1. Which of Glu181, Glu23, Glu101 moves the most in a Gaussian network model of the chain with Cα springs under 10 Å?
2. Based on alpha-carbon positions alone, could you give the equivalent ellipsoid semi-axes of the stretch 146-281 from the gyration tensor, as √(5λ), descending, whole Å?
3. I want the local charge near Lys92. Using Cβ-Cβ distances under 15 Å, sum +1 for each Lys or Arg and -1 for each Asp or Glu among the other residues.
4. In units of 2.2 N^0.38 Å, what is the alpha-carbon radius of gyration of the stretch 24-164?
5. If I fit a long axis through the Cα atoms of helix 237-257 and take the longest principal axis of the Cα atoms of the chain, what angle between them do I get, 0 to 90°, rounded to 10?
6. Using Cα pairs closer than 8 Å and at least 6 residues apart in sequence, work out the relative contact order for the stretch 213-280, in percent.
7. When the helix-only estimate is applied to the chain (DSSP H runs of n ≥ 4, each -39,500 (n - 2.57), divided by the residue count), what is the mean residue ellipticity at 222 nm, nearest 500 deg cm²/dmol?
8. I want the antiparallel fraction of DSSP beta bridges within the chain, as a percent rounded to 5.
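Nothing in this text is a laboratory measurement; each read-out follows from the coordinates by a stated rule. It should be emphasised that the depicted structure is a prediction, and the values quoted were computed from it without experimental measurement. Here the Cβ positions follow ideal geometry from the backbone for every residue, glycine too, while neighbour counts run over all protein chains shown.
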Amino acid sequence: MIQSMTGFGKAEVQFESKNYVIELRSLNSKGLEINARLPVYVREIEIQLKKIIGEALKRGKVDLNLNIENMSDSIAKTINVATVNQYIEQLKSIEDGDRFELLKMALKLPDTFKVEKEDFHEDEIQMIESLLKKAIDALNDYRSDEGKILEIEFIKRVVNLEELSKEVEKIDPERSAKIQEKLKTSLEGLQVEIDQNRFEQELIYYLEKYDITEEKVRLKNHVDYFKKTLDHPTSNGKKLGFIIQEMGREINTIGSKANHAGLQKLVIQMKDELEKIKEQLLNVL
């Protein structure tokens with residue numbers, strides 16, 4: 001079962017006098033890239049949180065956002081006296097006024113209040129890690145749902161490829177006969193004596209150059225392997241990408257050997273289906 005790299009997960013809990021909300025967003029990426037937005041005092045465990053994410057999500061561009069809201073009305077705040085006095089002196093240099101009015105203005109400016117830093121307890125760390133794992137589970141559920149949609153699209157495109165491959169099988173004998181007839185007609189037009197044995201040898205060599213039997217067999221094997229990989233319990237977007245590359249090589253070789261308008265048309269349609277698969281594979285974990 002495949003998973004998308006696109007996902008969203010959220011988990012929320014109240015712990016003591018605070019409300020904790022963790023949000024995870026992920027987009028496609030070749031590797032794993034984690035960006036974290038955390039409160040200042042939580043940054044000391046940033047590496048731990050990123051490690052948990054990395055072990056669970058493997059690939060993708062992941063944004064982690066942790067918001068902590070203190071629900072208590074008794075938040076310990078103190079006035080930053082030195083900062084307030086500096087603001088008042090600066091305001092005086094602009095306009096000399098009543099100190100009480102200047103004080104009211106100064107208290108509205110940044111950094112005039114400071115919140116007393118709270119201790120970061122082990123039980124709070126464990127709670128945040130547990131909450132993160134819940135958000136990861138929610139994100140993985142989202143990824144799985146998106147993966148099911150992608151799988152339906154892949155199966156549709158693969159079925160189209162199989163149908164086009166059957167059309168190639170039907171048209172190939174006619175193509176070979178036309179190539180052979182074209183060669184005979186060209187030689188007859190030369191009006192020269194032909195060594196029949198040598199002609200047959202050259203004809204076999206010429207037809208072998210345009211033979212696509214091996215390419216058809218390999219393409220079918222790649223398609224079967226792609227479907228088998230889709231059904232695997234573990235999502236593997238990179239492996240699917242490698243299989244698609246091999247399918248593309250076989251289709252390109254068939255196109256280069258085609259020498260037939262109808263077959264070239266089928267090759268173009270197969271390439272179109274393949275490109276649609278490639279576009280969606282960028283989102284697969």
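1. Between Glu181, Glu23, Glu101, it is Glu101 that shows the largest mean-square fluctuation.
2. 39, 13, 10
3. With Lys, Arg at +1 and Asp, Glu at -1, the net is -3.
4. 1.75
5. Approximately 30 degrees, to the nearest 10.
6. Once normalised by length, the contact order is 33 percent.
7. The helix contribution divided over the chain gives -21500 deg cm²/dmol.
8. 80
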